[in-house]
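Q: Submitted below is the structure of interest, expressed as structure tokens.
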Amino acid sequence: MARIYQPTKTAMQSGQGNTKKWLLEYEPAEKKVNDPLMGWIGSGDMNGQLKLRFATKELAVAYAEKHGISFRVIEPKHRAIKPKSYADNFKHDRIE
């Protein structure tokens, strides 16, 4: 099973960089386990390391269908951004 989605911006980003492309990413097939010697966490699932980037959702869906990969599409939630200027913070009729 794979997920097709658009990644959200990280908390460290103020812009929308790296959020326009679509990702095809496999869901974990097996549970992650602790390595008793080193304490690292890992699994034998090699598909978990694979992330494919596509320009559009349709290209990602077409790739999954062509290669027989079962998938689910997660639609992005768009937020409305109200344009503001820095000078609005100092207006004399500002509502607090």
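Q: Do any residues in the stretch 43-67 that are more than 10 Å from Leu23 (Cα to Cα) and at pLDDT 95 or above have Cβ atoms under 8 Å from those of residues that are exposed (fewer than 10 other Cβ atoms within 10 Å of the Cβ) and among the hydroxyl-bearing types (Ser, Thr, Tyr), where the two are at least six apart or on different chains, and which pairs are they?
A: Every condition considered, the pairs that remain are Ala64/Ser70.
Q: Applying the selection to the stretch 34-64, what residues are outside any loop (DSSP other than H, G, I, E, B), under 15 Å from Arg3 (Cβ atoms) and out of contact with any Ser or Thr (no Cβ under 9 Å at 6 or more places or on another chain)?
A: Asn47, Gly48, Gln49, Lys51, Leu52, Arg53, Phe54, Lys57, Ala60, Val61, Tyr63
Q: Those residues that are under 14 Å from Met1 (Cα atoms) and in a helix (DSSP H, G or I), I need them from the stretch 65-92; list them, please. Spell out the reasoning first.
A: Start the filter on the stretch 65-92 by keeping residues that are under 14 Å from Met1 (Cα atoms), which leaves 65, 67-74.
Of everything in the stretch 65-92, just one residue is under 14 Å from Met1 (Cα atoms) and in a helix (DSSP H, G or I), namely Glu65.
Q: When you look at Lys84, is it surrounded by 10 or more Cβ atoms within 10 Å (Cβ to Cβ) and among the basic types (Lys, Arg), yes or no?
A: Answer is no for this residue.
Yes/no per residue for (1) in contact with a strand residue (DSSP E or B) (Cβ under 6 Å, 6 or more places away or on another chain); (2) closer than 26 Å to Lys32 by Cα; (3) among the basic types (Lys, Arg):
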residue: Asn47; (1), (2), (3): yes, yes, no
residue: Leu52; (1), (2), (3): yes, yes, no
residue: Lys57; (1), (2), (3): yes, no, yes
residue: Ala64; (1), (2), (3): yes, yes, no
residue: Val73; (1), (2), (3): yes, yes, no
residue: His78; (1), (2), (3): no, no, no
residue: Asp88; (1), (2), (3): no, no, no
residue: His92; (1), (2), (3): no, no, no
residue: Ile95; (1), (2), (3): no, no, no
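Q: If Lys9 meets every condition in (1) closer than 28 Å to Arg79 by Cβ; (2) touching a residue at least 12 places away in the same chain (Cβ under 8 Å) apart from one, which number is that one?
A: Looking at each condition in turn, Lys9 falls short on (2).
Q: Right, something else. Taking into account only those residues within the stretch 29-75 that are among the charged types (D, E, K, R) and more than 14 Å from the chain's Cα centre (by Cα), which is surrounded by the most Cβ atoms within 10 Å (Cβ to Cβ)?
A: Ranking the candidates gives Asp45 first.
Q: Can you work out which of the residues in the stretch 1-28 that are hydrophobic (A, V, I, L, M, F, W, C) and at pLDDT 85 or above is surrounded by the fewest Cβ atoms within 10 Å (Cβ to Cβ)?
A: By that ranking, first place goes to Met1.
The values are calculated or read from the model by the stated rules, or taken from the named source; none is laboratory data. This one's a predicted model, so the numbers in the text were calculated from it and none came from an experiment. A quick note on method: Cβ atoms are made from the backbone with ideal geometry, for glycine too, and the neighbour counts reach across all protein chains shown.
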